[in-house]
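The values are calculated or read from the model by the stated rules, or taken from the named source; none is laboratory data. Since the model is a prediction, treat every value here as computed from it, not as a measurement. Positions of Cβ are backbone-derived with ideal geometry, glycine not excepted, and every protein chain shown enters the neighbour counts. To get the accessible areas, we keep the full protein, side chains included, count just its heavy atoms, and leave off ligands, DNA and RNA. Shrake-Rupley method; radii C 1.70, N 1.55, O 1.52, S 1.80 Å.
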Amino acid sequence: MRMNKFFCTAIAAAIASAIALTGCGGDGSSGGKQLVRMSHTQIESHPDHIGLEAFKKYVESKLGDKYEVTIYPNGTLGANEKVLELIKQGSVQYLVVSTANIESFDKLYSLFSIPYLFTSETAYEKFITDPKTLEALSVNSKANGFVPVAAFTAGVRNFYSKTPVRSVADLSGKKFRVQAGPTNVAMMQAFGAAATPMSFGEVYSALQQSVIDGAENNELALTDQKHGEVTKYYTYDMHQMCPDLLVASNAFIDKLSPEDRKVFDEAAKEAEKAEFAAWHEAVDKAKKTAEGMGVEFITVDVNEFRNKVLPLHEQLLQATPELKPLYEAAEAANKAD
Ligand code: GCU
């Protein structure tokens, strides 16, 4: 993925001003401490942010004399696709990013974009918190320049739109924003709709200006991102469960001493626990708030939606055979549930 000049300049400027605000040197040090920059695109009350606060607290309680952790929420350092480049360069040390955004770097991450991969949310949660899953996803980490160190749940992705979606036919010919990635484009085609990939931060105005008819996400997007102001129908079709991963820059963690590395890895697990603990309550709250905004929650025959896109599983596995072991592990998690 290449960044254009505008983005490079904009991101560099954002980092420069962030550095100026925190009074840190451009070399990533602050008063003798090494600065650890963590980036994400959500608001400060979102479970991802709560997870990172637990990370900061843990690292600073153990190694506060050496490191200062700064969390940049709201995509202030740039959209995830762009910050991944900064992670690879090592100027940002940690990023919370959806697996869908990593797909273009490493096809293994497209596993989670396979629609209806999981048959229940509990199977999905068990699968993403199983250390074997992150280990399997890490095989190309040296070449990628980053490594996943924790998995955060991002719930279930569902369609929401300006007109109600009560059956697959209601998607026909409509334009839906999806996260970037070829699997999402194939999924929307299989549903008979059109995919419009764009960054998370651009979705509100695209909906407002009717550039798109709808989007798909968990319930928090309706409230945190205010999409419920401009889309009033949220349909529980349950098409995807893709996690947010906390990824670490190899340029940073590979240089840590084994003792410090251990603390950072433990902090990542603390973050995972805190994020999960906050998640379900946040979803219940978002649903109530969205109802207050006038959003109607629609239940549908999920099997009708599932059957429409199931042939994609075989096609995607054939196109990317290296996905097979992870796919089979996800199937085993479904069976064990
Ligand atoms: C969710 C997810 C984000 C992702 C976003 C999106 O909010 O938690 O990581 O970027 O969806 O649809 O882009």
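Between Lys142 and Glu229, what is 0.36 nm times their sequence separation minus the Cα-Cα distance? Round to one decimal in nm.
Extra length available between Lys142 and Glu229 comes to 27.1 nm.
Based on the Cα gyration tensor of the chain, what are the three equivalent ellipsoid semi-axes, each the root of five times an eigenvalue, rounded to whole Å and given largest first?
Working through the eigenvalues yields semi-axes of 33, 22, 19 Å.
Quick one: work out the % antiparallel among DSSP beta bridges in the chain, nearest 5.
Antiparallel bridges make up about 55 percent of those DSSP assigns within the chain.
Quantify, in whole percent, the carbon and sulfur part of the accessible surface of the chain (1.4 Å probe; protein heavy atoms only).
It is 54 percent, rounded to a whole number.
Please give the calculated 222 nm ellipticity per residue for the chain, where each DSSP H segment of at least 4 residues contributes -39500 (n - 2.57) and the sum is spread over every residue; nearest 500 deg cm²/dmol?
-14000 deg cm²/dmol
Suppose each label sits 7 Å from its Cα in the direction of the beta carbon; what would the Leu310-Lys273 distance come out to in nanometres?
4.0 nm
Rounded if a/c is under 1.5, else prolate if a/b beats b/c, else oblate: with a ≥ b ≥ c from the C-alpha gyration tensor eigenvalues square-rooted, which is the range 236-337?
Oblate, because a/c is 1.5 or more while a/b does not exceed b/c.
Could you state how much accessible area Leu220 has, in square angstrom rounded to the nearest 10, with a 1.4 Å probe and all protein chains kept in place?
Accessible surface of Leu220 is approximately 10 Å².
Please calculate how many Å² of accessible area the range 255-337 carries per residue, with a 1.4 Å probe and no DNA, RNA or ligand atoms counted.
About 59 Å² of surface per residue is accessible.
Would you mind putting 262-275, 281-294 in packing order, based on average other-beta-carbon counts within 10 Å, highest first?
Descending packing order for the listed peptides: 262-275, 281-294.
Can you give me the orientation-averaged projected area of the convex hull built on the Cα atoms of the range 172-222, in nm²?
3.4 nm²
For the full complex of protein chains and a 1.4 angstrom probe, list Arg261, Arg166, Arg157 by accessible area with the highest value first.
Ranking Arg261, Arg166, Arg157 by accessible area, largest first, yields Arg166, Arg261, Arg157.
From largest accessible area down, sort Thr41, Thr133; use a 1.4 Å probe on the protein chains.
Thr41, Thr133
For Asp265 and His280, calculate 0.36 nm times their separation in residues minus their Cα-Cα distance, and state this gained length in nm to one decimal.
In short, 2.9 nm is gained.
Could you work out how far apart the two model spin labels at Ala169 and Gln209 are, taking each label as a point 7 Å from the Cα in the direction of the beta carbon, and quote it in nm?
Here the answer is 3.4 nm between the modelled labels.
Once you put a point 7 Å from the Cα of Glu296 and another 7 Å from the Cα of Thr76, both along the Cβ direction, what distance in nm separates them?
Going from the Glu296 label point to the Thr76 one covers 4.0 nm.
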